[in-house]
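A.B. asks: Sharing a structure with you now.
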Amino acid sequence: MIALTFDDGPHPRYTPQILEILKEYQITATFFVIGINAVNYPTAMKALIGSGCEIGNHTYNHRTLDKGKEHALDEIKKCEEQIAENIDFDVKLLRPPQGKLNAETISAANELDYNIILWSIDTLDWAHNSPQNIAKTVISSVKGGDIILMHDYVSGGSTTCEALRIIIPALMAQGYEFVTVSELIS
Ligand SMILES: [Zn+2]
C-alpha cells in the first residue's frame, strides 16, 4: 500500500484535473490544503470534498510552523476552521509547510489532536521537472508504506498531472494499492 499526497491546493486549475485522474483509475489520495486557498477557491474546495478523498491541514497561510507554539496553534486552527465545516474527521492530519517542525510544533499538534505527516518520497514536482523525471523518481524507489509528496498547486505551471498518468498505471501494474494516509498509518 502507498499513499499519494497533494499539497498547497485547492487550486481551480489543478485540483479538478487531479481528481479526474484519480477517479479514472478509481483510486484515492490525501490532499493537504492551505486555508486561505480554501477561502479563495471555494469551487475547487467543494470538488475536493465531494470527491471523497481525504483532506488534511497544511496551515492557513502556508507559513512554516517553527516560529513558536502560539503561531503554530493559530495557523493550524485557522485552517481547520476553513475545512472542518464539511468534513467528518476520523483522523486529523497535519503537514507542516516545508516539513519544518520543532518541539513547539509537535506540542501544538498534540494539543489540537493532529498527527504530523511528512513524506518518504519527494517527487520534486514543484521544481518544474519533466513528467518523466517525476515518474522516474517515484517508480525507481517506491516501496510499500511510502507516502509520496506531490502538489496540486505549483507556481508557474505544473507537470504533476502528466506525471500521474505515468506513475499510477506503472505502480498498479506492480500490484501497489493506493490508500489514504490515515488508512496507511492505521
Ligand atoms: Zn506546501
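A.B. asks: For residue 98, all conditions in the list (1) away from the ligand (no atom under 12 Å from the Cβ); (2) under 15 Å from the mean Cα position of the chain (by Cα); (3) loosely packed, with under 15 Cβ neighbours inside 10 Å hold save one; what is the number of the exception?
C.D. replies: Just one mismatch for residue 98, condition (1).
A.B. asks: If you don't mind, there's one more thing I want to ask. Picking from 122, 66, 152, 146, which residue would you name as being surrounded by 15 or more Cβ atoms within 10 Å (Cβ to Cβ), under 16 Å from the mean Cα position of the chain (by Cα) and over 23 Å from residue 23 (Cβ atoms)?
C.D. replies: Criteria check complete, one pass: 122.
A.B. asks: Return yes or no: is residue 14 at pLDDT 95 or above and within 14 Å of the ligand (Cβ to nearest atom)?
C.D. replies: yes
A.B. asks: Filter segment 161-186 for residues that are in a helix (DSSP H, G or I) and either within 13 Å of the chain's Cα centre (by Cα) or aromatic (Phe, Trp, Tyr) (or both) and give the result.
C.D. replies: Scanning segment 161-186 gives 181, 182.
A.B. asks: Is it the case, given these coordinates, that residue 92 is more than 16 Å from the chain's Cα centre (by Cα) and either within 13 Å of the ligand (Cβ to nearest atom) or more than 25 Å from residue 138 (Cβ to Cβ) (or both)?
C.D. replies: The answer is no for residue 92.
A.B. asks: Let me spell it out: the conditions are (1) within 16 Å of the ligand (Cβ to nearest atom); (2) assigned to a helix (DSSP H, G or I); (3) surrounded by fewer than 17 Cβ atoms within 10 Å (Cβ to Cβ), and residue 48 meets all of them except one. Which number is the exception?
C.D. replies: The failed condition is (3).
A.B. asks: Sticking with this structure for a sec: Being surrounded by 14 or more Cβ atoms within 10 Å (Cβ to Cβ) and over 30 Å from residue 75 (Cα atoms) narrows it down to one of 166, 116, 106, so name that one.
C.D. replies: 166 is the lone residue from the list that is surrounded by 14 or more Cβ atoms within 10 Å (Cβ to Cβ) and over 30 Å from residue 75 (Cα atoms).
A.B. asks: Within the set of pairs 6+ apart or on separate chains, which have a first residue in segment 51-68 that is farther than 20 Å from residue 113 by Cβ, a second that is assigned to a loop (DSSP other than H, G, I, E, B) and among the β-branched types (Val, Ile, Thr), and C-beta atoms under 9 Å apart?
C.D. replies: Matching pairs, first to second residue: 51/28; 52/28; 53/28; 53/180; 61/34; 62/34.
A.B. asks: Determine which member of the set 109, 3, 103, 72 is away from the ligand (no atom under 14 Å from the Cβ), closer than 30 Å to residue 162 by Cα and modelled with pLDDT of 95 or more.
C.D. replies: 3
A.B. asks: Please pick out the residue among 64, 28 that is away from the ligand (no atom under 16 Å from the Cβ) and either of a type in the set (S, T, N, Q) or in a helix (DSSP H, G or I) (or both).
C.D. replies: The conditions single out 28.
A.B. asks: Give segment 1-41 a look and list any residue that's hydroxyl-bearing (Ser, Thr, Tyr) and more than 16 Å from residue 81 (Cα to Cα), or say none.
C.D. replies: 5, 14, 15, 25, 28, 30, listed by residue number.
A.B. asks: Confirm whether residue 156 is on the phi > 0 side of the Ramachandran plot and more than 16 Å from the ligand (Cβ to nearest atom).
C.D. replies: No, not satisfied.
A.B. asks: Consider only pairs whose beta carbons are under 8 Å apart and that are at least six residues apart or on different chains; among these, list those whose first residue lies in segment 113-127 and is small (Gly, Ala, Ser) and whose second residue is exposed (fewer than 15 other Cβ atoms within 10 Å of the Cβ).
C.D. replies: Partner pairs satisfying both residue conditions: 120/145.
A.B. asks: Being more than 16 Å from residue 84 (Cα to Cα), in contact with a Ser or Thr (Cβ under 6 Å, 6 or more places away or on another chain) and of a type in the set (A, V, I, L, M), is that true of even one residue in segment 43-56?
C.D. replies: For segment 43-56, residues more than 16 Å from residue 84 (Cα to Cα), in contact with a Ser or Thr (Cβ under 6 Å, 6 or more places away or on another chain) and of a type in the set (A, V, I, L, M): absent.
A.B. asks: Is one or more of the residues making up segment 80-87 over 25 Å from residue 167 (Cβ atoms), more than 16 Å from the ligand (Cβ to nearest atom), in a loop (DSSP other than H, G, I, E, B) and among the β-branched types (Val, Ile, Thr)?
C.D. replies: Taking every residue of segment 80-87 in turn, at least one turns out to be over 25 Å from residue 167 (Cβ atoms), more than 16 Å from the ligand (Cβ to nearest atom), in a loop (DSSP other than H, G, I, E, B) and among the β-branched types (Val, Ile, Thr).
The values are calculated or read from the model by the stated rules, or taken from the named source; none is laboratory data. Keep in mind that what you see is a predicted model, and the values were worked out from it rather than measured. Neighbour counts are summed over all protein chains in view; Cβ atoms, including those assigned to glycine, are modelled from backbone coordinates with ideal geometry.
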